[in-house]
Amino acid sequence: MCGLFVSRKGGISLSIDVEVYDDNLEKAIKVLKKKMQLAGVQKELKTRRFFEKPSVKRRRKMQEAERRRRKARRRMRRI
């Protein structure tokens with residue numbers, strides 16, 4: 001059993017566990033990377049690398065929300 005524990009500011013924590021079968025570490029690392037990507041760990045680390053001004057942070061969050069809304073609208077049109 002292999003695990004990754006990432007502590008975030010504000011007391012929120014994330015634990016990702018990956019099981020290793022038959023000493024296949026390459027497969028376990030691949031699964032771990034995929035889980036980290038889906039959890040958004042890499043994106044979070046990238047944004048926290050440097051200080052982000054509150055105005056820039058607000059603008060980025062608004063753009064992300066708009067992107068999610070457009071994506072949801074596209075999904076609704078397909079149905």
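The numbers here are math on the coordinates, done by the rules we state, and not lab data. Just so we're clear, the structure is a prediction, and the values are computed from it rather than from any experiment. Backbone-built Cβ (ideal geometry, glycine too); neighbour counts: all protein chains shown.
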Which cross-chain or sequence-distant (5 or more) residues have an amide H under 5 Å from the amide H of Val20, H modelled 1.01 Å from N in plane? Cys2
With θ set to phi - 60° and the Karplus curve 6.51 cos²θ - 1.76 cosθ + 1.60, what are the ³J(HN,Hα) couplings of region 32-44 in order, to the nearest whole Hz, using x for Gly and Pro? 4, 4, 5, 5, 5, 5, 5, 7, x, 5, 5, 5, 5
Two pseudo-spin positions, 7 Å from Cα along C-beta at Gln63 and at Arg78, lie apart in nanometres by 2.5
